[in-house]
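K.L.:
Structure provided below as structure tokens; questions to follow.
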Amino acid sequence: MRVWQTVFAPSAAEVPPQPVPQQADLVLVFGSVAHFDAPDFAPRLAEAFPGAVLAGCSTAGEIVGDGVLDGSCTITAIRFDRGAVIAAEAGIAAIDDSQPAGEALGEALAARPGLAGVLLFARGVAVNGSALIDGLMSRLPAGVPVSGGLAGDGGAFVRTLVLSPSGVSDARAVAIGLYVGGLYGDGPHLGLGSVGGWEPFGPARKVTRAVGNLLLQLDGEPALNVYKRYLGDYARDLPASGLLFPFELLNGNYDSVGLIRTILGIDEAAGGLILAGSVEEGFYLRLMHASTDGLVDGAEQAGAIAAASTGSDAGKATEGDRLALLVSCVGRKLVLGDRVEEEVQAVADRLGAGTLLTGFYSYGEIGPMRDLVDCRLHNQTMTVALLTER
């Protein structure tokens, strides 16, 4: 496996990418909406990387090396020695299309034997990310690791874009299937880690009414009223301030289930909160907040878990022979502020100098639960997918 990278600054939107030394199998592209909207963006990529599977999305910030950029475009080309890469696509014209789209993607990828991992990128607005992932996982073989994220648009939450072999779209999801081959299962391997670093505060409140990702009541009271009361002065900056105070999801025993839900919007008429993922009635929610050190420590843990799950030694890696895909939440970026690069550097240090990094700040992260097998939509986490070849 070999990996090459190119980064374009905002002023270089019209510069075509340079060909890599060898033909690539997969090209991951993350950048601003302006780059993705550039004329002939997808055709120029296809011309520069003939025969490669193209996938990626617009972002709320780009991760490359051990730093964070805004308004740029990062292109990462990967060539595998063994195995195969196949893309599946599905349209998401409206929120109700989310689960059927996931099911269609899963069915397409599961039709071929040897599926070793999936990378998923989808629109970041007008989508139910939880339903999309549930649909996908319901059709995949048990134990297949899945990672990726929902597209961003710099924090505007208006229009996000996805790149797939069909081109650029604002109403699509693309799933990349990584397949092993041969008697010994040689080929791509995904090691996953996903950690938040947020701290809960305040009492747990029962979800007494919810429809999909619209939270309507907590303890029988309009959810928006409860939320505003806890936020105090921050309430006047809703929905933007909601990124700073997500919910932790608890079961009936008040135990954390390992999921965080971010507030993406408010419904004043219904007194509800629009969340980035679904919640179910009967579960409990508790507010969370974070410190910079807590988020950085969480990112480092995610990198350590991903490295351990590959069974490889970071110190023995040769530069360019493995890739880490980092997907972090735009809410973490807001909390970290000028120190945002510290969480990326923490992951880079944990994975070692031989690992190239790419990724983006998202509107939802796709990664494992605590069992490191069952993958779900997360919010406010650092999710690391370490791609190697066996």
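K.L.:
Can you give the Kirkwood hydrodynamic radius of region 45-196 from its Cα pairs, in Å with one decimal?
P.N.:
Over region 45-196, the inverse of the mean reciprocal pair distance is 16.1 Å.
K.L.:
Measure off, as a whole percent, the carbon and sulfur share of the 1.4 Å-probe accessible area of the chain, all protein chains present.
P.N.:
Accessible surface attributable to carbon and sulfur in the chain totals 49 percent.
K.L.:
Would you mind calculating the relative contact order of the chain from Cα pairs under 8 angstrom and at least 6 residues apart, reporting the percent as a whole number?
P.N.:
20
K.L.:
Run lengths n ≥ 4 of DSSP H only: what is the helix-derived mean residue ellipticity at 222 nm for the chain, with -39500 (n - 2.57) per run over all residues, to the nearest 500?
P.N.:
For the chain, the value works out to -6000 deg cm²/dmol.
K.L.:
Now for a different question. Given Cα positions, please report Rg to Rh for the chain, the hydrodynamic radius being the Kirkwood one.
P.N.:
In the chain, Rg relative to Rh is 0.96.
K.L.:
With +1 on each Lys and Arg Cβ and -1 on each Asp and Glu Cβ, how big is the dipole of region 222-346 about its Cα centre, in debye rounded to the nearest 20?
P.N.:
So the dipole magnitude of region 222-346 works out to roughly 280 debye.
K.L.:
Under the √(5λ) rule applied to the eigenvalues of the Cα gyration tensor, what semi-axes describe the equivalent ellipsoid of region 167-256? Give them in Å, descending.
P.N.:
38, 19, 15
K.L.:
Sticking with this structure for a sec: Taking DSSP loops as anything outside H, G, I, E and B, show the longest stretch in the chain free of GluC sites (Glu not before Pro) there with at most 13 other beta carbons within 10 Å.
P.N.:
Longest stretch, sites excluded: 15-267.
K.L.:
Counting other Cβ atoms within 10 Å of each Cβ, which chymotrypsin sites (Phe, Trp or Tyr not before Pro) in region 154-258 have at most 14 and sit in a DSSP loop?
P.N.:
184, 201, 254
K.L.:
Then there's this: Expressed as a fraction of 2.2 N^0.38 Å, the rule-of-thumb size for a compact globular protein of N residues, what is the C-alpha radius of gyration of region 53-141?
P.N.:
Working it through for region 53-141, the quotient is 1.23.
K.L.:
Can you give me the Cα centroid spacing of region 330-390 and region 57-116 in angstrom?
P.N.:
For region 330-390 versus region 57-116, the Cα centre distance is 15 Å.
K.L.:
At 25 °C and a viscosity of 0.890 mPa s, what translational diffusion coefficient does Stokes-Einstein give for region 241-380, taking Rh as the Kirkwood radius over Cα pairs? Give it in µm²/s as a whole number.
P.N.:
150
K.L.:
Separate question: What's the Cα-based Rg to Rh of region 98-148, Rh via Kirkwood?
P.N.:
My calculation of the ratio gives 0.95.
K.L.:
If you don't mind, there's one more thing I want to ask. So how far, in whole Å, is the C-alpha centre of region 169-208 from the one of region 257-308?
P.N.:
Measuring centre to centre over Cα atoms gives 15 Å.
K.L.:
Give the value in nm², to one decimal: projected area of the alpha carbon convex hull of region 328-387, averaged over all directions.
P.N.:
4.4
K.L.:
Taking a probe of 1.4 Å, how large is the accessible area per residue of region 224-328, in Å²?
P.N.:
Result: 42 Å² per residue.
K.L.:
So how many Å³ per residue does the convex hull of the Cα atoms of region 257-306 work out to?
P.N.:
116
K.L.:
Looking at region 204-324, what % of the alpha carbon pairs are farther apart than 19 Å?
P.N.:
Every Cα pair in region 204-324 considered, those over 19 Å come to 54 percent.
K.L.:
Right, here's the next one. May I ask you to list the trypsin sites (Lys or Arg not before Pro) in region 345-388 that are in a DSSP loop and have at most 12 other Cβ atoms within 10 Å of their Cβ?
P.N.:
Taking region 345-388 and a limit of 12 other Cβ atoms within 10 Å, the loop trypsin sites (Lys or Arg not before Pro) found are 370.
K.L.:
Same structure, new question: For region 142-200, report the % of Cα-Cα distances exceeding 16 Å.
P.N.:
Taking all Cα-Cα pairs of region 142-200, the fraction more than 16 Å apart is 66 percent.
The values are calculated or read from the model by the stated rules, or taken from the named source; none is laboratory data. Please read all numbers here as calculations on a predicted model, not as lab measurements. So basically every Cβ, Gly included, is an ideal-geometry build from the backbone, and we count neighbours across all protein chains shown. Accessible surface areas use protein heavy atoms only, side chains included; no ligands, DNA or RNA. Shrake-Rupley method; radii C 1.70, N 1.55, O 1.52, S 1.80 Å.
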